[in-house]
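Here the structure comes first, spelled out in structure tokens, and everything after it is commentary.
The values are calculated or read from the model by the stated rules, or taken from the named source; none is laboratory data. None of these values were measured; they are calculated from a predicted model. Positions of Cβ are generated from backbone atoms using ideal geometry, with glycine treated the same way; all protein chains shown enter the neighbour counts. The area values use the complete protein model at the heavy-atom level, side chains included, leaving out ligands, DNA and RNA. Shrake-Rupley method; radii C 1.70, N 1.55, O 1.52, S 1.80 Å.
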Amino acid sequence: MQPSSTDIQLMHRCLRLAASGLGRTRPNPLVGCVVTDARGHILSEGFHQEYGHNHAERNALLRLNPTATPPPHTLYVNLEPCSHYGHTPPCADLIIERGIRRVVCCNDDPNPLVAGRGFAKLEAAGISLTRHVLEAEGRTLNRRFFTFIERQRPYVILKWAESADGYMAPASPTPYWLSSPSQNRLNHRWRTEEAAILIGSATYLADRPQLTPRHFLGPAPLPVVLDRRGRLADLPAHWLHLHTPTIADTLQALRQRNIQSVIVEGGRQLLDAFIASGLYDEVRILRSPTLLGGGLPAPILPRDSLVQPLIFH
Ligand code: AOF
Ligand code: ZN
């Protein structure tokens with residue numbers, strides 16, 4: 001069955017609901033769910049709020065009164081309903097139990113525990129399926145989740161601050177702060193959205209950064225320092241101290257710890273190593289209006305880079 005304009009509108013609503021869980025569901029996906037009656041009127045909604053808690057479908061369905069009229073008819077959800085016993089019983093079973101007649105979905109679930117089995121259960125129960133509604137938007141929303149499963153490595157965001165004339169730092173050795181207070185808050189918000197934050201040993205020695213999201217309310221990422229030469233001795237106890245020789249090894253070390261995404265905050269050498277490896281998914285530049293007139297040039301992406309940098313003023 002082809003999606004109607006109501007289907008598309010309600011899938012946008014699912015994606016919006018799903019996004020409310022950003023930073024709190026990892027390494028699980030962001031999922032939103034809307035249940036309507038046969039005429040398309042919303043009866044209830046839910047989203048996945050926190051890792052290990054109810055899935056979106058369960059939250060939406062448990063909010064419904066099972067004997068209320070009109071009865072639920074269509075369930076919208078941006079990820080294939082699960083078929084496995086995990087933190088909770090399978091959502092596909094609950095959908096069937098509650099008498100849903102039609103399921104409209106955005107993305108298929110690449111999780112090997114599900115991967116098609118959720119849809120198979122629904123179909124076997126005679127539920128009509130409409131799949132791949134706003135598929136690209138759903139993949140973008142859950143880009144960390146899809147990258148982690150499909151590429152078997154964390155999603156990588158490179159971030160740096162630069163002057164209007166493209167320098168990361170002035171020539172003088174005195175520390176210089178380029179970013180504005182609002183750019184700092186944005187940066188700290190970005191930190192809350194990722195599972196880990198990575199820096200190189202030179203940056204640690206030069207800046208002694210705290211790597212906390214103290215200017216924004218939200219979950220703290222795991223601080224990670226890549227120290228290939230083993231120069232650092234006094235790192236805070238909860239930080240991860242890695243000595244991995246290549247970027248690919250570093251990402252595998254993070255993956256083994258179930259870290260789904262990482263924001264790389266420098267310095268220049270580490271950013272260059274990531275750029276050379278090609279193992280990055282996003283580049284965010286905080287650009288300041290200041291002209292430095294010289295100093296340490298900001299990294300340059302290769303001409304054939306598939307990633308377009310995003311610039312934040
Ligand atoms: C979620 N939230 O809303 C949906 C998920 O760790 P578990 O037992 O909660 O299972 C997680 C898997 O369930 C996840 O990787 C995905 O495949 C599927 N669907 N997960 O955390 C949800 N719908
Ligand atoms: Zn589920």
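Quick check on the chain: take the gyration tensor over C-alpha atoms, sort the square-rooted eigenvalues as a ≥ b ≥ c, and tell me if it's rounded (a/c under 1.5), prolate or oblate. Intermediate values should be presented prior to the final figure.
On the way: a/c = 2.56, a/b = 2.19, b/c = 1.17.
Note, shape of the chain comes out prolate.
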Next on the checklist: For the chain, take the longest principal axis of its alpha carbons; what is the angle in degrees between that and the long axis of helix 5-19, to the nearest 10 within 0 to 90?
Outcome noted: 50 degrees
Checklist outcome for this item: Per the charge dipole of segment 164-300 (beta-carbon charges, Lys/Arg positive, Asp/Glu negative, Cα centre), the residue among Phe274, Ala237, Leu226 reaching farthest to the positive end is Ala237
Item to check | ³J(HN,Hα) computed for each position of segment 73-78 - Karplus, 6.51 cos²θ - 1.76 cosθ + 1.60, integer Hz, glycine/proline x | outcome: 10, 10, 10, 9, 8, 8
Checklist entry - DSSP beta bridges in segment 151-312, what fraction antiparallel, as a percent rounded to 5? => result 10 percent
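How large is the charge dipole for segment 151-312, taken about the Cα centre, if only the Cβ atoms of Lys, Arg (+1) and Asp, Glu (-1) carry charge, to the nearest 20 debye? Intermediate results must be reported in sequence, preceding the final value.
Numbers: 17 positive and 13 negative charges, 49 e Å.
That gives a dipole near 240 debye.
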Checklist outcome for this item: Given backbone amide H placed at 1.01 Å from N, residues whose amide H is under 5 Å from that of Asn28, ignoring those fewer than 5 places away on the same chain, are none
Checklist entry - Between segment 203-229 and segment 173-189, how many Å separate their Cα centres? => result 14 Å
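Hey, got a sec? Which chymotrypsin sites (Phe, Trp or Tyr not before Pro) in segment 207-313 land in a DSSP loop and have at most 16 other Cβ atoms within 10 Å? Mind showing how you got there, number by number?
Numbers: sites: Phe216, Trp239, Phe274, Tyr280, Phe312; in loops: Phe216, Trp239, Tyr280.
Answer in residue order: Phe216, Trp239.
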Checklist entry - About its Cα centre, how strong a charge dipole does the chain have in debye, to the nearest 20, once Lys and Arg get +1 and Asp and Glu get -1 at the Cβ? => result 320 debye
Item to check | Segment Leu306-Arg151, extension gain: residue separation times 0.36 nm, minus the distance between their alpha carbons | outcome: 54.2 nm
Checklist entry - Along the positive direction of the dipole of the chain (beta-carbon charges: Lys, Arg +1; Asp, Glu -1; about the Cα centre), which of Thr246, Leu217, Val264 reaches farthest? => result Leu217
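Rounded to the nearest 0.05, what FRET efficiency do Gln9 and Tyr85 have when you use their Cβ-Cβ distance and R0 = 35 Å? Each step should come with its number before you reach the end.
On the way: r = 33 Å, r/R0 = 0.95.
My answer for the efficiency is 0.55.
Suppose all protein chains stay in the model; what accessible area per residue would a 1.4 Å probe give for the chain, in Å²?
On the way: 14990 Å² over 313 residues.
Solvent-accessible surface per residue comes out at 48 Å².
Given a 1.4 Å probe and every protein chain left where it sits, what share in percent of the accessible area of segment 151-312 is carbon and sulfur?
Values: 4400 of 8030 Å².
After summing per-atom areas, the C and S share lands at 55 percent.
Dipole of segment 5-149, Cα-centred, from +1 at each Lys and Arg C-beta and -1 at each Asp and Glu C-beta, to the nearest 20 debye?
Working: 16 positive and 13 negative charges, 44 e Å.
Approximately 200 debye in magnitude.
Which percent of the accessible area of segment 5-149 is formed by carbon and sulfur heavy atoms (probe 1.4 angstrom)?
On the way: 3220 of 6300 Å².
Roughly 51 percent of what the probe reaches on segment 5-149 is carbon or sulfur.
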